[in-house]
Amino acid sequence: MSEASQTHEFQYSNAHHQAETAISGMWLFLATEVLFFGALFLTWIYSRHWNQAGFDAGAQQTELAIGTINTVILVVSSFAYSAGVAFIETGNGRRLIQCCAAAWLLGVAFLILKFGIEWRDDFAKHLFPGTGFALHGPLSGGAQIFFVFYFLGTALHGLHMIGGLALVGWIILRASRGEFSPAFYTPVVVVGLYWSFVDMVWIVLYPMIYLVGRGP
Amino acid sequence: MNLWLPQATTSAAEVDYLILALLLTSCAILALVFGLILLYMIKYRAGSDFDRGAPDERTWRLEAAWTVATLLIFFGLFVWGADLYVRLFQPPSDALKIYVIGKQWMWKIEHQGGQREINALHLPVGRAIQLVMTSEDVIHDFSVPAFRIKHDVLPGRYETLWFEVNEPGTYHLFCTQLCGTGHAEMFGEIVAMPAPEYQNWLEQNGAAETLASAGETLFMRYGCSGCHGGNGAGGRQSGSTVRAPALAGLYGSPVPLTDGSIVTADDLYIRDCILSPERRRVASYPPLMPSFAGQISEEDLLKITAYIKSLTPEKLP
Amino acid sequence: MSDTVIEAPEFAEGTASYLTDGTTLRSWLLTTDHKRIAILYFGTITIFFFGGGAAAALVRYNLIVPQGMIASAETYNRLFTLHGVVMVWFFLIPAVPATLGNFLVPLMLGARDLAFPKLNLLSWYLFVAAGLVVLYALLAGGVDTGWTFYTPLSSAYSKSHVVAAVTGVFIAGFSSIATGLNFIVTIHRLRAPGMTWYRMPVFLWSLYATSVLLVLATPVLAMTLLLLSFERIFHIGVFDPALGGDPLLFQHLFWFYSHPAVYIMILPGLGVISEIVPAFSSKRLFGYKFVVWCSIAIAVISFLVWGHHMFVAGTSLYSALVFSILSYVVAVPSAIKVFNWIGTMHKGFVRFDAPMLYAIGFIGLFTMGGLTGLFVAALAADVHLSQTYFVVAHFHYVMVGGMVSAYFAGLHFWWPKITGRMYPEMWGRAGAVIIFIGFNLTFFPQFFLGYLGMPRRYHAYPPEFQVLNVLSSAGATILAVGYLLPLAYLTWSLFYGERARANPWGATGLEWQTASPPLTENFVSTPTVTEPPYNYPPPEVVQRHV
């Protein structure tokens, strides 16, 4: 099996050529993703500029504790995955599986905290924008727009997390079949790039949701 | 088939000169391109035994030449178009203001004297007119081809447009921004008439009260006077318990905001203060003003703004 | 040097080709061969082209009389929206990249396939899925917001199926991104030995520039459409002025994508013409490096001109000045290309086969489209001309007169390579001439309509505009014949056309060095490139040959 995976598709001159190409393809895909989230962040910042008081009033309703814990979880998850990549470079397939499993479980923990607990609380507090929105008064409009961004941003990030978890799971599956070796571990690297990217999106979302509005 | 469009405003001819210049430039370039293609198609057709000689390898001089030439021509056109555009959107200070409200699918016009029209706009020739425009729903666009002007009419904003008509007559008014099913029915006419006739028209269609006096009634009805005082004298002065800024003399004057910046109190600022007071709050007053968003129509807003404006004496030029 | 102008290996008739390698439906639907995927795209976009064309025909039919031939404004608004959405996202954007590009990128590079063949197939399935969603939107009752989906009409007021249509466009966007990504990586990583960047045909450079735009601009549209859908579904959002949102923000985001998208549509066409003019002039492309860098310049500057769609929308005076001058700057590289094509014909040996006739038609119409662009880039003139039929005529000159002609030129040029058959030459030439004439008759009157002030998207209009409208509609019938003609004779040629040689035009380029139609793996052995592109022999050699 491991021999089969070391061959290359017919359009490449060798396995190394294919590996390098796959990695550059993922980088380009991430460029697309940057522009995708970039448009969201730009719109977010622009809208906040015109409704600063409302946005900040909305941001103060968010759960800072859960957000902070989730940030730590994701950073550790990314770190664990990267450690796995380092292990497979030296041929330690068992450690790769352990690291990926840790990364995967931390990812699931993030989702549970984010959507199972935080979102449920948000809905219970009537923070979803629209009729019946929790905040009233002059700041209500801006706060509702903040929550449009909050729900859209976290939902899109969550979808990317789910996609990432599927990919990490796939890596665990292949690793458990012993398909990776120091000579061939391109998929591990490619998925690692994506997993780190999802982490980085959160690194931007975290201050925009929880911190900026709590400033002095 | 009539290819002549009346030039009804002072600037229409200028726009036409620009378009003519663009047309002549285009025709010259087009003649060059088509001419060369036709010439080469004949002269260098595969069957012709015209001696081609050795291929010319030095191309960069030609490339540089036509790059610079196009850049220069384009830059000239840009300057021309930009200069005129800047003038088209700088209204003179003494322009007569008329208010326009777009709505699916009609134009509502409010004159200062309180006269109202739908899908028609009567105005005097020989006088600068400034339209102050807003929309109740979607984006519309106020376009008068004979005046060579158009501008989008946006909800939540006041957009302005100015012109001076010099030919009496009746002209098409179109909505040129797709605004829903009845988009094509949203047209009307502009009736430009000599000043005396316009005065007659105003008198014949005279309303019971001017915009400003209707605004005064609304100022009471919406409870504005409760805090801002009768005649907009301000909270303290009129004995009200609430400390609210005085509105007399506000229009056109600088207002310091809580974030340290200073804005000039224009139509849009007053509108913003009524609909979303937290957005640009005036400094040194407590944030007590409630939002009137959704409770007040565009027409009433115009009237109240006109009233607040009337509290500031006209500055002499 | 022998008397043959361009040497090409000849292949025995009946050589196995990508067309004969598996003939089941499954072998087509699950193929990862870039050539077969190109064929799948050909079929799909042809359906969209004629579907969108039918909508256009009904629009022109309606405008024959001032009160409108079609009774309801609802229907009319849905027709032109359908026409716009289908033509922009389901024909113009994929037209050259997904068909000719998919087919030719590996062949021109000397590669065996694209870098990611499965991704390529996925992009076609996404495209079909997107098409089905739009079809659903159509059957459910259509959309009436125009293809630009301006808020707050689209988000709050329209009673049509905006979300379904937007979803279709959203999915089609990912199909575009997949294609663009594949091309960029392939061009970087899979060039044959000796194929340096400056030995690449201009077509590849154009597709490279196009792909950069696809990859970087499309995600912005995707996010914009998500925000729009959110607003429409939950009746609350960031473009709603009632809450303090900004409807103009949508226009900024939309045009930040859609102006580069205009170049996504036209750049591949410029590439096609840069292949055909040298081939039928038997001469090197004049100023190769200039043409190449013009493509890149267009791609970069096109990101900086979106504001010129908003000169009368309520943006600031100063931003209008900046966007106006940048719009003039972006027109310069296009002008340079036109001069370079003419320079290529100079002292050439010009033949007038059908692809060249389409290409010459392209140069003429594209030049007119570009020149009328100068009118609407001039601020004061734009105030009068924008949102009228002048703009409609301007962009149809670029998109239809330009891009569709370029697509047809490329289709005829590479048809022998793709299908292994020759089309009837005289019919091809007739088609090119009829399209050129029909196009001008349809759209030239619209410049006058626009100057006279007729607004676009009007289902009924004041009677004084009727004569010009009737002229335009009459021209459209000729144009329709022009477009149906190639459909007929190209289909005919598939069955009865003469078999094509490997290099029927005597053109340079690696794609002509393999059999017509090519083998499944493209080349018998990986080619090595030793020459600059368009290395047509010097005049004296050609003269002797002729």
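Starting from residues that are in contact (Cβ under 8 Å) with a residue 12 or more places away in the chain and surrounded by fewer than 18 Cβ atoms within 10 Å (Cβ to Cβ), keep the ones in segment B:204-217 and report whichever is farthest from B:E117 (Cα to Cα).
Once the filter is applied, the top-ranked residue is B:S213.
Restricting to segment B:156-170, count the residues that are of a type outside the set (D, E) and assigned to a strand (DSSP E or B).
Total satisfying the criteria: 7.
Among the helices (runs of 4 or more DSSP H) contained in segment A:1-79, which hold 1 or more residues that are away from chain C (no Cβ under 14 Å) and more than 28 Å from A:A109 (Cα to Cα)?
The helices (runs of 4 or more DSSP H) meeting that bar are A:2-6.
Can you pull out the residues in segment B:171-193 that are in contact (Cβ under 8 Å) with a residue 40 or more places away in the chain, touching a strand residue (DSSP E or B) at 6+ places or on another chain (Cβ under 7 Å) and outside any strand (DSSP E or B)?
Across segment B:171-193, the qualifying residues are B:C179, B:H183, B:M186, B:F187.
I'd like the residue in segment A:171-216 that is under 30 Å from A:Y150 (Cβ atoms) and among the hydroxyl-bearing types (S, T, Y) and, out of all such residues, is surrounded by the most Cβ atoms within 10 Å (Cβ to Cβ).
It comes out as A:Y210.
Modelled with pLDDT under 95, under 19 Å from A:T68 (Cβ atoms) and within 14 Å of another protein chain (Cβ to nearest Cβ) - does that describe any residue in segment A:125-138?
Within segment A:125-138, one or more residues are modelled with pLDDT under 95, under 19 Å from A:T68 (Cβ atoms) and within 14 Å of another protein chain (Cβ to nearest Cβ).
Confirm whether B:T25 is at the interface with chain C (Cβ under 9 Å from one of its Cβ atoms) and touching a residue at least 40 places away in the same chain (Cβ under 8 Å).
In short, yes.
It is to be established whether one or more residues within segment B:194-213 are in a loop (DSSP other than H, G, I, E, B) and either within 14 Å of chain C (Cβ to nearest Cβ) or within 30 Å of C:N77 (Cα to Cα) (or both).
No, segment B:194-213 contains no residue that is in a loop (DSSP other than H, G, I, E, B) and either within 14 Å of chain C (Cβ to nearest Cβ) or within 30 Å of C:N77 (Cα to Cα) (or both).
For the subset of segment B:93-126 comprising residues that are surrounded by fewer than 16 Cβ atoms within 10 Å (Cβ to Cβ) and charged (D, E, K, R), which member is nearest to B:A8 (Cα to Cα)?
The selected residue is B:D94.
Give all pairs with beta carbons closer than 8 Å in which a residue from segment B:58-74 that is more than 7 Å from every other protein chain (Cβ to nearest Cβ) and without any contact (Cβ under 8 Å) to a residue 12 or more places away in the chain meets a residue that is basic (K, R) and surrounded by fewer than 17 Cβ atoms within 10 Å (Cβ to Cβ); count only pairs at least 6 apart in sequence or on separate chains.
none
Sort through A:Q52, A:Q6 and tell me the only one that's closer than 30 Å to A:F146 by Cα and modelled with pLDDT under 90.
A:Q52
Evaluate the following for C:L468: is it in contact with a Leu (Cβ under 6 Å, 6 or more places away or on another chain) and either surrounded by fewer than 17 Cβ atoms within 10 Å (Cβ to Cβ) or without any contact (Cβ under 8 Å) to a residue 24 or more places away in the chain (or both)?
Judged against the criteria, C:L468 is a match.
Any idea which of (1) crowded, with 18+ Cβ neighbours inside 10 Å; (2) more than 11 Å from chain A (Cβ to nearest Cβ); (3) assigned to a loop (DSSP other than H, G, I, E, B) is the one B:K303 doesn't satisfy?
(3)
This table checks each residue for (1) free of Cβ contacts under 8 Å to residues at least 60 places away in the same chain; (2) within 19 Å of the chain's Cα centre (by Cα); (3) within 14 Å of another protein chain (Cβ to nearest Cβ); (4) farther than 22 Å from C:Y407 by Cβ.
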residue	(1), (2), (3), (4)
C:G53	no, yes, no, no
C:Y61	no, no, no, yes
C:I64	no, no, no, yes
C:G68	no, no, yes, yes
C:A73	no, no, yes, yes
C:G84	no, yes, yes, no
C:V88	no, yes, no, no
C:L92	no, yes, no, no
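Which condition number in (1) polar (S, T, N, Q); (2) closer than 18 Å to A:V190 by Cβ; (3) surrounded by 16 or more Cβ atoms within 10 Å (Cβ to Cβ) is the one that A:N51 fails?
(2)
Count, please, the residues in segment A:64-105 that happen to be more than 15 Å from A:G192 (Cα to Cα), aliphatic (A, V, I, L, M) and out of contact with any Lys or Arg (no Cβ under 8 Å at 6 or more places or on another chain).
The total comes to 5.
Go through segment C:485-524 residue by residue and tally those that are polar (S, T, N, Q) and without any contact (Cβ under 8 Å) to a residue 40 or more places away in the chain.
1
For the subset of segment C:217-252 comprising residues that are within 13 Å of chain B (Cβ to nearest Cβ) and of a type in the set (D, E), which member is surrounded by the most Cβ atoms within 10 Å (Cβ to Cβ)?
The extreme case among them is C:D240.
Name the residue, out of C:T46, C:T32, that is surrounded by fewer than 20 Cβ atoms within 10 Å (Cβ to Cβ) and more than 22 Å from the chain's Cα centre (by Cα).
Only one candidate passes the filter, namely C:T32.
Going through segment A:102-139 one residue at a time, which ones are small (G, A, S), part of a helix (DSSP H, G or I) and out of contact with any Ser or Thr (no Cβ under 8 Å at 6 or more places or on another chain)?
Across segment A:102-139, the qualifying residues are A:A109, A:G116, A:A124.
Which of the residues spanning segment C:289-330 are more than 30 Å from B:C179 (Cα to Cα) and among the polar types (S, T, N, Q)?
Listed by number, the list holds a single entry, C:S295.
Considering (1) in contact (Cβ under 8 Å) with a residue 40 or more places away in the chain; (2) under 18 Å from B:G113 (Cβ atoms), say which one B:V153 fails and leave the rest.
(2)
Taking the residues in segment C:117-167 that are of a type outside the set (A, V, I, L, M), part of a helix (DSSP H, G or I) and within 21 Å of the chain's Cα centre (by Cα) as candidates, determine which candidate is farthest from C:G52 (Cα to Cα).
Filtering first and then ranking leaves C:N120.
Against the conditions (1) within 30 Å of C:Y157 (Cβ to Cβ); (2) in a helix (DSSP H, G or I); (3) charged (D, E, K, R), where does B:R61 fall short? Just the number, please.
(1)
Of everything in segment C:120-156, what is in contact with a helix residue (DSSP H, G or I) (Cβ under 7 Å, 6 or more places away or on another chain) and small (G, A, S)? Give them in sequence order.
The answer is C:S123, C:A129, C:A130, C:G131, C:A137, C:A140, C:G142, C:G146, C:S154, C:S155.
With B:L18, B:L38 as the choices, which residue is aliphatic (A, V, I, L, M), more than 9 Å from chain C (Cβ to nearest Cβ) and out of contact with any Lys or Arg (no Cβ under 7 Å at 6 or more places or on another chain)?
Result of the check over B:L18, B:L38: B:L38.
Looking only at segment B:138-155, filter to residues that are within 7 Å of chain C (Cβ to nearest Cβ) and assigned to a strand (DSSP E or B); which one of those is farthest from the chain's Cα centre (by Cα)?
Applying the filter and picking the extreme gives B:P155.
Is it the case, given these coordinates, that C:A178 is assigned to a helix (DSSP H, G or I) and small (G, A, S)?
Yes; evaluated as a whole, the condition is true for this residue.
Can you pull out the residues in segment B:265-300 that are in a loop (DSSP other than H, G, I, E, B), touching a residue at least 24 places away in the same chain (Cβ under 8 Å) and of a type in the set (A, V, I, L, M)?
B:A283, B:L288, B:M289, B:I296
The values are calculated or read from the model by the stated rules, or taken from the named source; none is laboratory data. All values derive from a computational prediction rather than experimental measurement. When we count neighbours, we look across all protein chains shown, and the Cβ atoms used for this are built from the backbone with ideal geometry, even at glycine.
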